[in-house]
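Worksheet: one structure, shown below.
The values are calculated or read from the model by the stated rules, or taken from the named source; none is laboratory data. What you see is a predicted model, and the numbers here were worked out from it, not measured in a lab. In this analysis, Cβ positions are derived from the backbone assuming ideal geometry, glycine residues included, and neighbour counts consider all displayed protein chains. Side chains are part of the model used for accessible areas, which takes the heavy atoms of the whole protein and leaves out ligands, DNA and RNA. Shrake-Rupley method; radii C 1.70, N 1.55, O 1.52, S 1.80 Å.
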Amino acid sequence: VPNLQGPCYVSPAPHGGFVVSEECRDVKVFTSSRKLLCSLSSKYRHQFGNPAGVCVDMDGSILVADEQRRTVHLFPEHGAPICLVSTGLMRPNSMACSSFGHLFVADAGENCVKVFKYRVRPP
C-alpha cells in the first residue's frame with residue numbers, strides 16, 4: 001500500500017481489510033483489495049494528536065490509542081466516536097481487544113500493560 005505518511009501500526013479489519021495509523025496524522029481503513037475505504041479524521045471529523053495503536057473489536061468498531069492526547073477512542077461503524085479512556089495513560093502505544101470486551105493497552109510511559117473492560121454485553 002503506497003502513499004502512507006509515516007505508517008505506524010496496522011490491524012486486520014472485518015471482511016479481510018485492514019486499518020493503519022499514520023504518525024501525527026490520521027487512521028486509514030482499507031478494503032481487502034487494498035483500496036482506501038475511509039480516513040477516520042474525515043469520516044468522523046475527529047482531530048488526532050498522534051494516533052498510535054489500532055485494533056478492531058468483535059463488533060467491527062475501530063479503537064485508536066492517541067499518544068499525544070493520552071486517550072483511547074472507539075469509532076463505531078455508525079454513530080459518533082466514543083472516548084473509552086481519558087485518564088490514566090502516559091504514552092499509549094499498541095493495543096489489542098479480546099472477545100470478552102477487554103482492551104489491552106501497552107503504556108510505554110509507565111512500562112506496563114493496562115487492562116480495561118469496555119463492553120458490558122456478552123459476546
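Quick look at the values:
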quantity	calculated
Filtered chymotrypsin sites (Phe, Trp or Tyr not before Pro), the range 79-123: DSSP coil and at most 16 other beta carbons within 10 Å	100, 118
Virtual spin-label span in nm between residue 80 and residue 33, 7 Å along Cα→Cβ	3.5 nm
Per principal axis, descending, Cα span of the range 7-117 in whole Å	38, 30, 24
Value of [θ]222 nm, deg cm²/dmol, for the chain, DSSP H segments ≥ 4, -39500 (n - 2.57) each, nearest 500	-1000 deg cm²/dmol
Ranking by accessible area, most exposed first, for 84, 36 with a 1.4 Å probe	36, 84
Within the accessible area of the chain (1.4 Å probe), percent carbon and sulfur	52 percent
Hydrodynamic radius of the range 37-97 per Kirkwood, over alpha carbon pairs, in Å	11.6 Å
Residue 113/residue 59 FRET efficiency (R0 22 Å; Cβ-Cβ; nearest 0.05)	0.45
Modelled label reach - residue 5, point 7 Å along Cα→Cβ, the range 25-41 residues with backbone N closer than 16 Å	25-29, 38-41
Given charges at Cβ of Lys, Arg, Asp, Glu: the chain dipole, positive-most of 96, 85, 17	17
Over the chain, relative contact order from alpha-carbon pairs under 8 Å, at least 6 apart, %	15 percent
Sites residue 45 and residue 24, calculated FRET efficiency, Cβ-Cβ separation with R0 22 Å, nearest 0.05	0.75
